1. Using only Cα atoms, tell me the angle between helix B:256-282 and the longest principal axis of chain B; keep it within 0 to 90° and round to the nearest 10.
2. Under 5 Å between amide hydrogens, which residues at least 5 positions from A:Gly85 or on another chain qualify, with H placed 1.01 Å from N in the peptide plane?
3. 5 Å is the cut-off here: which amide hydrogens, built 1.01 Å from N in the peptide plane, fall below it relative to A:Thr107, excluding neighbours closer than 5 in sequence?
4. Nearest 10 degrees is fine. How inclined is helix B:447-460 to the longest principal axis of chain B, computing both from alpha carbons?
5. May I ask you to derive the FRET efficiency for A:Thr102 and B:Leu378 from their Cβ-Cβ distance with R0 = 51 Å, giving the value to the nearest 0.05?
6. Using 7 Å Cα-to-Cβ label points, what is the B:Asn146/B:Arg206 separation (nm, one decimal)?
7. Just to confirm the number: angle between the C-alpha axis of helix B:325-335 and the first principal axis of chain B, 0 to 90 degrees, nearest 10?
8. Label-point separation (nm) for B:Thr367 and A:Ser92, each offset 7 Å from Cα along Cα-to-Cβ?
Amino acid sequence: MRTPTRVLGGLLVGGVAVLALALGGVAGASGATSLQLRAGAPVTGVGTALTAVVDSPAGAPVTGAVVTFEVHVPEFAGSPLLTIGRATTDASGVAAFTYQPTWAGPTSFVATAALGGSTIAQGTLTASVARTDPFAGPINATRTDGLIGRWAVAVLLALVLAMWITLLALVVRVQQGSPRTTEG
Amino acid sequence: MTDVIVEPVPSEAHPVDHELRHAVLRPVLETPRWWWPSVLVLGAVVALGIVAWIFQLAHGLGSAGYNDDAFWGIYESNLVTFIGVSYGGAVVSAILRLTHQSWRAPLTRIAEATALVTLPIGMIFIIPHLGNPGKIWELVWPPYWNLSSPILWDFFAVSTYLMATIVFFYLPLVPDAKVALEQLDAEAPSTRVKVRQTLYRTLVGRYGGTPTERRRLNGSIGLLAIMIIPMAVSVHSVLSFAFASSSRAGYMETILPVYFVVAALYSGVALVVISVAAVRKLFHLESYIASRHFVRLGFLMIAFGAAYLYLTFTEYLIDGYSNTAGPAAWVHQVVAGRYWVPFWFYFVAGGLVPLLIMAIKPLRTKTGVTIASVFVVLSLWVKRLVIVIPAATEPLVRAATKASGGVSTGWGTYHFTWISISITVAATAAIFLLLLIVFRFVPALSVTEMEELAHETRTQGGRS
């Protein structure tokens, strides 16, 4: 008895699942390619990981789509969009980009997926970001706070100072004249 | 070391050229009839510029044609142009001094004065350019210094160069101030005489004109002439860093520093020619400034002009040939797009016309060279606009709110307004106003230098 019941139950569950999948497929087929934009936890000094997941109308991951990440710039009138980076979706339909802003706080993003030059999906997100210095690190020794940079700044400032001293010395040298007793 | 750069001092006192002294000192001692009307007219134009600036302070940078899509415009072009022309005056004088060109004598004072007055006017453009003048404080006050910013190094370079320009104007003036002081002692006392006596005494200090002092003076001038050339090169190349260190096509060019320097020399020599022509006419110095002075300056000018044309060709060729999206689009906009009129105006009026005038012998006169110089100054100002504005209007930020549905990638637009035009015209008038004022107090020609060189030419059989 138990076996036929199990079989019937299994058939019922399987049928419902197939029906659900079929309905889902129909629903998906009637929609558009989707792009879900997500942001990871912001890490000061590292950045904020942005992830765009691009799925086809059938729910399958879209591979090879170019996702352009943009950020709203509230400092400009109308808060226009500034492109901050691009990434290509992998086999899972995921395109990842780490945003390294020089400010912290809530920021609005737009991600646009394109395939073959045509836009296929767009997603928006407002997330909090952490302040990051994209140029920080030991390899950038030429920065003014790097080793070479510090020396360069010191040398350049010394050069400027030397020029000012030389210029003033030239004026004083001419202005002071020479003792009249020795000259005709 | 100074022996190398010291010019020879005549072993005996040079003879005094009374006619020259009279001609040169007359405008200092007597007010020419045209002087006050000219000062009033030029002063009114400068006042209009100040009114326009106050209007801008009240209504914002938008009133001067600036917007989000054109964040740099006329003021930045003016800053580069005015500082550039000052560079020409100083370097021309320095080169002629170092190469000991005897024909330089009537030109150096005018060239140095032109450098002296144009540089501060160029520097002033940073104030309307910033919008809020309070921001100047953040540039000059050390706790606010951003040593990574090219703008701060611009400030160091330009202020040091300003100091050098003042000293370069002052040192050759010392013996002339002594001559003028002696001349004033014979004049009847009046307020005008007293003001000038006080000024000249301050300038002269304890300088007595002895051979040792003269040698020391010439050594100092020679050393300064050497210093001022690399200093001027650094000023204008550092000025270009503000453009070249950005990530905009048209700005991010490694050729820009040398391009700026050559443009400065080209337009600077042209402004010296215009100043020399004006001073010669107004102060009746026709006997001392001849056609040959204009023609020699004209040759110097077109040498720089040819180099500038070549650099323009190089820049556009490489950017266009690479066919990368940003630079190629920028070249297209400038040469064949929305900026083709100003670009080709520069090419014809600032490149070809001066070359033709100097190439055709009947045109190679003082009038011809002066006309060519006016073309050069005007067209090089236009060229600076072509450098500044197209790249500034390049659409790097997508204008989501535009009527085009939020995906506009169109180029921005900069408009001239009466505010920005008035301030620009006022600054140009200020150059001539300051020159008129300077030459009311100091001789327009270097009297002692002319006497010394004339004496040297006579005794050594040199050419003038």
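Just so it is clear, none of the values below were taken in a lab; they were calculated from the coordinates. None of the values given here were measured: they were computed from a predicted structure. Glycine also receives a Cβ, built like all others from the backbone with ideal geometry; neighbour counts cover every protein chain displayed.
1. On a 0 to 90 degree scale, this one is about 50.
2. Under 5 Å from the amide H of A:Gly85 lie the amide H atoms of A:Phe69, each far enough along the sequence or on another chain.
3. HN-HN under 5 Å from A:Thr107: A:Ala127, A:Ser128, A:Val129.
4. 70
5. Details: r = 41 Å, r/R0 = 0.81.
The pair A:Thr102/B:Leu378 has a calculated efficiency of 0.80.
6. 4.8
7. Tilt relative to chain B: about 60 degrees.
8. Taking the simple label geometry, B:Thr367 and A:Ser92 are separated by 8.3 nm.
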